[in-house]
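See structure below.
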Amino acid sequence: MKRALLERIIEARDAKRSSVLVRGLKNKLKFLVDENQIVGDVPNTLSGLLEHATNALDKDGTQTVDFSGETYLIQTLGGSRRLLVIGAVHIAQKLIPMAMIAGYEVQLIDPRKAFASSERFPGINILNDWPHEVMKTLQLDSRTAVVTLSHDAKIDEPALQSALESGAFYIGALGSQKNHTKRIQRLAALGFDERALARIAGPVGLPLGGRSPAEIAVAILAQIIQAVYQQNR
């Protein structure tokens, strides 16, 4: 593998962003798609293959594609998926360790230091800032999920705005159906259309019927996992 290609793969990995490596099984052609930039030589006749590779940035795993008489291996080299949990509530205490076991890199965001403390969340990456301010610096992408749990509109709704303006693959919001309807109305008044607002899973989680914090956390994580595999189709 050429040095420039290898260095770019390592750079993308260290920056925790997805890249896609394409290899011809016979012609030995290799190129990398990283941040929609191409590393390596791609003949003009392979523009369709390049489109396949770019689409794979949002997916996981490996696939093969037959193109112009050659078989190409398209491999997504993605970092860990990331979960931003907004609100240091009891559900968060259950959801975060579950998500970490499932392989997610988790960040807890809550400006309320009395709730979002290392005593209540030992060993967790905690950001005691307003979520919408922090999220501007976190580069939410197609490997990022966002869940708002605080039950405080001043915290949750600006965070939802930031999530809707990002490429996050999953956005969930805790609350009753009545509260969610009012929340959607307020977000619509800010200019978000029906299609954008449909991205918010609310009330959050698959309808498993559970009521305890742990059961609700299971439902939320299950819905996030479901969203991953729907995205990979």
(request) Quick one: compute the contact order of region 1-66, relative version, from alpha carbon pairs under 8 angstrom and 6+ residues apart, as a percent. (result) 26 percent
(message) Averaging over every viewing direction, what projected area does the convex hull of the Cα atoms of the chain cover, in nm²?
(response) 14.3 nm²
(request) Output the pairs from Lys94/Lys154; Lys59/Lys94; Lys136/Lys182; Lys94/Lys136; Lys26/Lys59; Lys30/Lys136 with a Cα-Cα distance over 32 Å in this structure; if there are none, say none. (result) Lys30/Lys136
(message) Using only the alpha-carbon atoms, how far is helix 90-101 inclined from the longest principal axis of the chain? Give it as 0 to 90 degrees, nearest 10.
(response) 20 degrees
(message) Once you keep just the Cα pairs under 8 angstrom separated by 6 or more residues, what percentage relative contact order results for the chain?
(response) 15 percent
(message) Quick check on region 1-107: of the DSSP beta bridges with both residues there, what percent are antiparallel, nearest 5%?
(response) 85 percent
(message) What is the percent carbon and sulfur in the accessible area of the chain, measuring with a 1.4 Å probe over the protein chains and ignoring ligands?
(response) 51 percent
(message) I'd like the orientation of helix 153-164 relative to the chain: the angle between its Cα long axis and the longest Cα principal axis, in ° from 0 to 90, rounded to 10.
(response) 10 degrees
(request) Please compute the net charge surrounding Val65, taking Lys and Arg as +1 and Asp and Glu as -1 over other residues with Cβ under 13 Å from its Cβ. (result) -1
(message) Please report the spacing between the Cα centers of region 70-106 and region 163-231 in Å, no decimals.
(response) 16 Å
(request) Rounded to whole Å and sorted largest first, list the principal axis extents of the Cα atoms in region 109-224. (result) 40, 36, 26
(message) Given points 7 Å out from each Cα along the Cα-Cβ axis, report the Ala188 to Leu6 separation in nanometres with one decimal.
(response) 5.6 nm
(request) Pop a pseudo-label 7 angstrom from the Cα along the beta-carbon direction at both Ala196 and Leu25 and give the gap in nm to one decimal. (result) 4.4 nm
(message) Rolling a 1.4 Å sphere over the protein heavy atoms, what is the accessible area per residue of region 45-191, to the nearest Å²?
(response) 46 Å²
(request) Quick one: net charge around Glu7, please, counting Lys, Arg +1 and Asp, Glu -1 for every other residue with C-beta under 14 Å from its C-beta. (result) +2
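The values are calculated or read from the model by the stated rules, or taken from the named source; none is laboratory data. All values reported here derive from a predicted model rather than from experimental measurement. In this analysis, Cβ positions are derived from the backbone assuming ideal geometry, glycine residues included, and neighbour counts consider all displayed protein chains. With ligands, DNA and RNA removed, areas are computed over all heavy atoms of the protein, side chains included. Shrake-Rupley method; radii C 1.70, N 1.55, O 1.52, S 1.80 Å.
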